[in-house]
There are 2 protein chains.
Amino acid sequence: MNDSYLNFVNSPFGGGLVRSLGLPKPEVLRRYRADRPEFDGLIAIGAGREPRLLDALASLVASVGMTSVAHDSAALWVALANRRGLMTGRFEPAEAGSPGKLAALLFDASGIDDSSQLEPLHGFFHDTLRSLGKCGRIVVLGRPPEACASPRQWTAQRALEGLVRSLGKEARRGITANLVYIGQGAEGGAEATLRFFLSPRSAYVSGQVVRIAANGTIPHNAPAFDWRQPLAARRALVTGAARGIGAAIASVLAAEGAQVIGLDVPSARDALAATMRQLNSSALTFDIAAPEAPAQIAAALDELGVDIVVHNAGITKDKTIAKMSDAAWQGVIDINLSAQERIDDALLAGGILRDGGRIVAVSSISGIAGNPGQTNYATSKAGVIGRIESMAPHLRARGITINAVAPGFIETQMTAMLPFAIREAGRRMNSMSQGGQPVDVAQTIAWLAHPGSAGVTGQVVRVCGQSLIGA
Amino acid sequence: MNDSYLNFVNSPFGGGLVRSLGLPKPEVLRRYRADRPEFDGLIAIGAGREPRLLDALASLVASVGMTSVAHDSAALWVALANRRGLMTGRFEPAEAGSPGKLAALLFDASGIDDSSQLEPLHGFFHDTLRSLGKCGRIVVLGRPPEACASPRQWTAQRALEGLVRSLGKEARRGITANLVYIGQGAEGGAEATLRFFLSPRSAYVSGQVVRIAANGTIPHNAPAFDWRQPLAARRALVTGAARGIGAAIASVLAAEGAQVIGLDVPSARDALAATMRQLNSSALTFDIAAPEAPAQIAAALDELGVDIVVHNAGITKDKTIAKMSDAAWQGVIDINLSAQERIDDALLAGGILRDGGRIVAVSSISGIAGNPGQTNYATSKAGVIGRIESMAPHLRARGITINAVAPGFIETQMTAMLPFAIREAGRRMNSMSQGGQPVDVAQTIAWLAHPGSAGVTGQVVRVCGQSLIGA
């Protein structure tokens, strides 16, 4: 829970020592606080040929109230910003050695349709990266490769992944770099996602690729929302909510306005009650492994229904497979994977999860990359990814999205008990050189649960500080 | 080129020292040699409920001439093997402490259609993994998730990835673990792929997922092939063939019977000529960056056409993006990515690449995961992945496949020049605790170029010893 190295290197004495020894210097990440402005500072705008998303970006910049500066590559921006009545200027590189002043770098690559047109990306990041401040944000916008008209365009758009992942590893200083592919016709549905990636809420999300699809199935009677309380009047079920990441999820959803129902096992009844009491939320105690649990949960939610379901409950029972008991295998698969399937079936069949709803499941880097000693856990968490991918098309007609988050190394009671060397390796092997906090997972889930995230479905977003580990 | 740690720990003195210090002990990998049997030893067969691929496995076992033993989970195997006239027995666990005697573990998971049915996988690997010998092979067979009839089946099949990747990380001792998804109707097209994953040819390929599609478009006049010389009468163009990985590719394709045409830049003319002379192959010298090169290459190949194109030529010009010149960006993108596009266009437009042909491009782990200091290289190599994904559907009607290999840390002159600490980290951060050899990349390309690989297209296969690094 406590990363004493992070604290040490950010003390005056520790900082000097670490510099002289050439050790990694993790940045204290800027995280969202309700009492501080979420968006401030300068955004530099860059663009490739025929950028198609500048209008959407102008709306975003206006909405978050930041000031923009145009890089040479985005000459069109100045006229557009003037037309929209936005404060804007021209990008001037920081003087050598002076600290970066920019808060974010946004590049519109949507019009690039051939690999020979990628140069403006180099020009923009070459000129601006040094001017990006600590905990700055890099977002590249493109078109979903698989929806491109020609192989050449698909290739050029797919190439952006290699750039963004490299920038994330190169930038350091708490800077994140992410790639957002916005489908044709989805330009108006990107704001919630772009806000998330610009905000300190995405402090530990880097190197990710997110697609936004045009979604014609948002129910016409969908309530409007307020950016300050986007989950107001939404009911959210969170499993495994008594402690740790689950408690953080409940807390963030409640802060965004949701009426939270926390669920946990009977043995965690007291902790769950205490957590929910603080959040003015209600508690349900069920063992989700029990065959009758899905029907009982459905019955408990029946009267008012639910808008958001977060499948966070999970267990580990680590052993090499040669030493793993049948019970350890079965228990992990059942709780982490099959129980999610049974609960969703009960909530969907009864119409208890309402149209326009949100399902978010917690997967894991282990489910992506595999992990020794975790054949059961990794199998269950890879299955969760399969659930997301397979259910998304089925749920589209009802306007329900289903996504997963895959946490990397998160500072919890569980990781605090790891042996020192394994804990330190897990903490440092990512672009932030530190573990994440439960709130980082929770904020990512809140974005996916957002009413403005209707175009984001069937996706797996890692909350890992761009961990080196992957598949 | 020379991994002295690997040699040291496999010496009598070094082995003891490494054991007592608890250091990683890389295995000397068993690689293919024409003068040794490619397939020998016992295969243990396991299965989940209603396995649909046992017939295909029986054909494979008969074809490679190995002996099988049936695990309890695969009771059906014994009757099937008897019917097919195969030698078979029942699996008996090795005595504790005695070395593993099995050469391979094969599990047919194709009939599993719900997460609650995954237990036989645990039972099989729990019982058999300790009996698997050094450099043994694990192959799990399933159905492509995205083609499954129900979300439950899709989920269960997708879960296999987490298991296989964990087994690869757990097994060590030079053992590989891979997952092959065989589509409905593609059962007869799996042999070339299953042979590759059982063979010492796949020594450095682990943690990979490969799909085999039913491919109705194999030209009816496709020549038959001989498993000992599968590329006989095929003409293969290999770019960057003078040295290193390219020379190894040329050499392996020639050994498999292909008539190789090696291409390299004019400055490498002498090295190319020497390499090609040894292989009884012909040489072409062109600078592929030149605008006229595609037409010249097409003209040079025109008379006889070509069956296999291997895009191996590539360069690096590493710098952080703030220090990277425009020329360094453009040169790398152009040679590693755009030149491939131009050459393929010329060969496809002129019908010079024949129907039923094979394109294999060399991508990189950097293109998957990004790499600091390699924004240009990673962008180009991610673009190569886009090329594969976008071209595959276009080429299907002509029976042409297009795939990529993504090498991890391969022992070459380039990696030999890395600083010690970076070289050692790259070498050891994978399930084999060592770098791969150029021949490992070449053998993987030979499998993709194989006439029996018609159902494998649009895929990226890593040759990385299951590197920890990924996306």
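The values are calculated or read from the model by the stated rules, or taken from the named source; none is laboratory data. Keep in mind it's a predicted model, so treat the numbers as computed, not measured. All Cβ positions, glycine included, derive from the backbone under ideal geometry; neighbour counts span all protein chains shown. All accessible areas refer to the heavy atoms of the entire protein, side chains included, with ligands and DNA or RNA removed. Shrake-Rupley method; radii C 1.70, N 1.55, O 1.52, S 1.80 Å.
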Review point. So which of B:243, B:269 is surrounded by 15 or more Cβ atoms within 10 Å (Cβ to Cβ), assigned by TED's automatic domain parsing to the domain that holds residue B:453 and among the basic types (Lys, Arg)?
Key: B:243
Review point. Residues of region B:243-261 being over 22 Å from residue B:406 (Cβ atoms) and in contact with a helix residue (DSSP H, G or I) (Cβ under 8 Å, 6 or more places away or on another chain), which ones?
Key: B:260, B:261
Check your understanding: Where in region A:364-448 are there helices (runs of 4 or more DSSP H), lying wholly inside it, with at least 1 residues that are open to solvent by 10 Å² or more (accessible area, probe 1.4 Å), within 30 Å of residue A:171 (Cβ to Cβ) and more than 7 Å from chain B (Cβ to nearest Cβ)?
Key -> A:365-369, A:413-416, A:420-428, A:438-448
Check your understanding: With region A:35-130 as the region, which helices (runs of 4 or more DSSP H) entirely inside it contain at least 2 residues that are within 14 Å of chain B (Cβ to nearest Cβ)?
Key -> A:119-128
Exercise for review: Those residues that are aliphatic (A, V, I, L, M), surrounded by 23 or more Cβ atoms within 10 Å (Cβ to Cβ) and within 25 Å of residue B:402 (Cα to Cα), I need them from region A:131-157; list them, please.
Suggested key: A:156
**Study point:** Residue check, residue B:340 touching a His at 6+ places or on another chain (Cβ under 8 Å), within 11 Å of chain A (Cβ to nearest Cβ) and either over 18 Å from residue A:167 (Cβ atoms) or buried (at least 17 other Cβ atoms within 10 Å of the Cβ) (or both)
**Key:** yes
**Study point:** Subset of region B:167-204 [touching a Cys at 6+ places or on another chain (Cβ under 8 Å) and in a loop (DSSP other than H, G, I, E, B)]
**Key:** B:173, B:174, B:175, B:203, B:204
Check your understanding: Do we find that residue B:297 is part of a helix (DSSP H, G or I) and more than 19 Å from residue B:444 (Cα to Cα) in this structure?
Key -> yes
Check your understanding: In the list B:248, B:232, B:236, which residue meets the criterion of being in a strand (DSSP E or B), in contact with an Asp or Glu (Cβ under 9 Å, 6 or more places away or on another chain) and either at pLDDT 95 or above or of a type in the set (Lys, Arg) (or both)?
Key -> B:236
Revision key, fill the gap. Restricting attention to region B:298-333, the residues that are crowded, with 22+ Cβ neighbours inside 10 Å and touching a Ser or Thr at 6+ places or on another chain (Cβ under 9 Å) number exactly 10
Exercise for review: Would you please list the contacts, defined by Cβ atoms under 9 Å and residues six or more apart or on different chains, that run from a residue in region A:409-425 that is closer than 17 Å to residue A:469 by Cα to a residue that is of a type in the set (Phe, Trp, Tyr) and open to solvent by 40 Å² or more (accessible area, probe 1.4 Å)?
Suggested key: A:424/A:5
Practice item. Quickly run through region A:20-73 and pick out the residues that are farther than 29 Å from residue A:464 by Cβ, out of contact with any Lys or Arg (no Cβ under 9 Å at 6 or more places or on another chain), surrounded by 15 or more Cβ atoms within 10 Å (Cβ to Cβ) and in contact (Cβ under 8 Å) with a residue 40 or more places away in the chain. Key: A:47, A:51, A:54, A:73
Exercise for review: Evaluate region A:192-210: report whether one residue or more is open to solvent by 50 Å² or more (accessible area, probe 1.4 Å) and in contact (Cβ under 8 Å) with a residue 24 or more places away in the chain.
Suggested key: no
Check your understanding: Would you say residue B:125 is of a type in the set (A, V, I, L, M, F, W, C), in the same structural domain as residue B:149 (by TED's automatic domain parsing) and open to solvent by less than 20 Å² (accessible area, probe 1.4 Å)?
Key -> yes
Exercise for review: Please tell me if residue B:177 is within 14 Å of chain A (Cβ to nearest Cβ) and in contact with a Ser or Thr (Cβ under 9 Å, 6 or more places away or on another chain).
Suggested key: yes
Study note, to complete from the structure: Filtering region A:158-174 down to residues that are at the interface with chain B (Cβ under 7 Å from one of its Cβ atoms) and either open to solvent by 10 Å² or more (accessible area, probe 1.4 Å) or over 25 Å from residue A:430 (Cα atoms) (or both) yields A:158, A:161, A:165, A:169, A:170
Practice item. Determine whether residue B:133 is within 14 Å of another protein chain (Cβ to nearest Cβ) and not in a loop (DSSP other than H, G, I, E, B). Key: no
Practice item. Take residue A:43 and decide whether it is over 30 Å from residue B:339 (Cα atoms), of a type in the set (Val, Ile, Thr) and in the same structural domain as residue A:186 (by TED's automatic domain parsing). Key: yes
Practice item. Kindly provide the set of residues from region A:313-327 that are more than 8 Å from every other protein chain (Cβ to nearest Cβ) and over 31 Å from the mean Cα position of the chain (by Cα), ordered by number. Key: A:323, A:325, A:327
Check your understanding: Only one of A:358, A:354 is away from every other protein chain (no Cβ under 13 Å), in contact with a Lys or Arg (Cβ under 9 Å, 6 or more places away or on another chain) and surrounded by fewer than 24 Cβ atoms within 10 Å (Cβ to Cβ); which?
Key -> A:354
